[in-house]
Amino acid sequence: MNVIDPVRAFHLRFGSHDLVELFKEFIEKVLAPKGINHLLLECNTSFVFESHPEITDGTLTKQDAREIAAVCKNNGIRLIPLFQCLGHQGWGGAPNSILKAHPEFDETPYVPLDAKWPEIFCRSWCPEHPDVNQLVFGLMDELIEAFDADAFHVGMDEVYEIADDNCPRCKGKDRADLFAKAVNDMHGHLVEDRGVEMFMWGDRLNDSEKMGYDQWEGDTFGTHKAIDFIPKDIVMMDWHYERLDLYPSIGNFIEKGFTVIPACWFKTDAAINLLNESKHQAKEKRAESKLPGMIVTSWNNWDKESFERFITMPPNPFGCDEKLEELDELYRTMEIITKNLSNRM
Ligand SMILES: [Zn+2]
């Protein structure tokens, strides 16, 4: 029998040289023993880029990356670097280091720096700017090389600033066309040129109205039609952090020919429900191989205290019905989801 080990993935944001030793301990003492075999490491601009020092906004060095990659490799964990593309270029009106260094890439340069939701969620770069890809591909190449990665996650969740009426290049264009173009550009570089597997978040490809989602886990704004104009070998991570009755996007991705990995957050009850519903849909479509596993995401600030809390946690400390603080519930969710995925799906 050919038994395929299910994907048991964990996501976190990390970009601190000072925490590397603790992070390596966390991988060895927590992630590996719990059975995690994929680590989605969101570095964004916190890597010390040698090709573009002006973009660097953190302290994670190439040597750090090599050490983290080695620990993962020794523990059978596939490391996937994540670099937010297109959207999430800052927070609110505040630009990130890319748009600070290259204000010409900003899709909405007229939005005030102190603007807040709902005026703006996050800035985007302009997918039609002729120089933006060259810069971004260089940053991706550095991350792929430093982590010796065979896969790359381009983010692309929650992109709301696209086809802005004031952008001289994008004005009047279709949002789905522009979103698909950006995805295809990334795919051209990562998959076709570099030969690595491409991952992305799925929310902008979910038709909220049809699927009963809100404006966050699905699109209400015009990007979802891009789903039919992008390559099917992109692995979709479809996140749902609250308990819902149905998650039709899981089945939709499978039907369209994509491999899909459902993504939960810390809420145990919602995570188990999402996994069970996803398995049910894959089975119904006789496409279990298109649902290789699940990812547990974390959105807390991983500081010294939180790493230490996980490292010192006793085994199986929590019952399923207990109300817990977010970090403790995240630990329990990781434990339960990985256990659920310990056998063939
Ligand atoms: Zn534009």
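Distance between the modelled labels on ASP5 and LEU324, one decimal in nanometres: 2.4 nm (7 Å Cα→Cβ projection).
Which lysines have a Cα less than 17 Å from the Cα of LYS267, not counting those fewer than 8 places away in the same chain? Qualifying lysines at Cα under 17 Å: LYS323, LYS339.
Accessible area ranking (1.4 Å probe, heavy atoms, ligands and nucleic acids excluded), largest first, for TRP216, TRP125, TRP117: TRP117, TRP216, TRP125. In terms of overall dimensions, the range 68-224 has a Cα radius of gyration and Dmax of 16.2, 51 angstrom. The distance separating the Cα centre of the range 110-174 from that of the range 23-95 comes to 19 Å. Put a dot 7 Å past the Cα of GLU104, heading toward its Cβ, do the same for ASN74, and the two dots end up 4.6 nm apart. Here the label points at VAL191 and THR312, each 7 Å from Cα along the C-beta direction, are separated by 4.6 nm in the simple model.
Ordered from largest to smallest accessible area (heavy atoms of protein chains, 1.4 Å probe), the residues GLU104, GLU128 come out as GLU104, GLU128. Under 19 Å of direct C-alpha separation, and excluding same-chain neighbours fewer than eight residues apart, LYS283 reaches these aspartates and glutamates: ASP5, ASP238, ASP245, GLU255.
At a probe radius of 1.4 angstrom, the accessible area of the range 7-340 per residue rounds to 41 square angstrom. Rolling a 1.4 Å probe over the protein chains gives ASP303 an accessible area of about 50 Å². Taking 32 Å as the cut-off for C-alpha to C-alpha distance, list the pairs among LYS116/LYS304; LYS24/LYS225; LYS210/LYS279; LYS171/LYS232; LYS62/LYS225; LYS73/LYS225 that go past it. Where the Cα-Cα span goes over 32 Å, the pairs concerned are LYS24/LYS225; LYS62/LYS225; LYS73/LYS225. Converting the Cα gyration tensor eigenvalues of the range 121-190 into ellipsoid dimensions via √(5λ) gives semi-axes, longest first, of 25, 12, 11 Å. Partnerless cysteines in the chain, where a partner means another cysteine C-beta under 4.7 angstrom, comprise CYS43, CYS72, CYS85, CYS122, CYS126, CYS264, CYS320. Accessible area of SER51 (1.4 Å probe, protein heavy atoms only, ligands and nucleic acids ignored): about 60 Å². The trypsin sites (Lys or Arg not before Pro) of the range 250-291 that DSSP puts in a loop, and whose beta carbon has at most 10 other beta carbons within 10 Å, are ARG286. Each DSSP beta bridge with both residues in the range 1-157 is either parallel or antiparallel, and the antiparallel ones are about 20%.
In the chain, helices alone account for a calculated mean residue ellipticity at 222 nm of -9500 deg cm²/dmol, with every DSSP H run of four or more residues adding -39,500 (n - 2.57). Just checking the listed ones, HIS240, HIS129, HIS187: in the Gaussian network model of the chain with Cα springs under 10 Å, the one fluctuating most is HIS129. Here the Debye sum runs over all C-alpha atoms of the chain as equal scatterers in vacuum, and log10 of I(q)/I(0) at q = 0.06, 0.08, 0.09 Å⁻¹ comes out as -0.20, -0.37, -0.47. The HN-Hα couplings worked out from phi for the range 8-22 by the Karplus form 6.51 cos²θ - 1.76 cosθ + 1.60 (θ = phi - 60°) are 10, 10, 10, 10, 8, 8, 8, x, 10, 4, 5, 9, 4, 4, 5 Hz, whole numbers, x standing for Gly and Pro.
Tell me the GluC sites (Glu not before Pro) within the range 165-248 that lie in a loop according to DSSP and have at most 14 other beta-carbon atoms within 10 Å. Passing sites in the range 165-248 are GLU242. Per atom type, the range 7-340 shows carbon and sulfur on 49% of its accessible surface, probed at 1.4 Å.
The values are calculated or read from the model by the stated rules, or taken from the named source; none is laboratory data. Computed from a predicted model, the values in this text were never measured in an experiment. Cβ atoms come from the backbone with ideal geometry, glycine included; neighbour counts cover every protein chain shown. The protein model used for the area step is the full one, side chains on, heavy atoms only, and it has no ligands, DNA or RNA in it. Shrake-Rupley method; radii C 1.70, N 1.55, O 1.52, S 1.80 Å.
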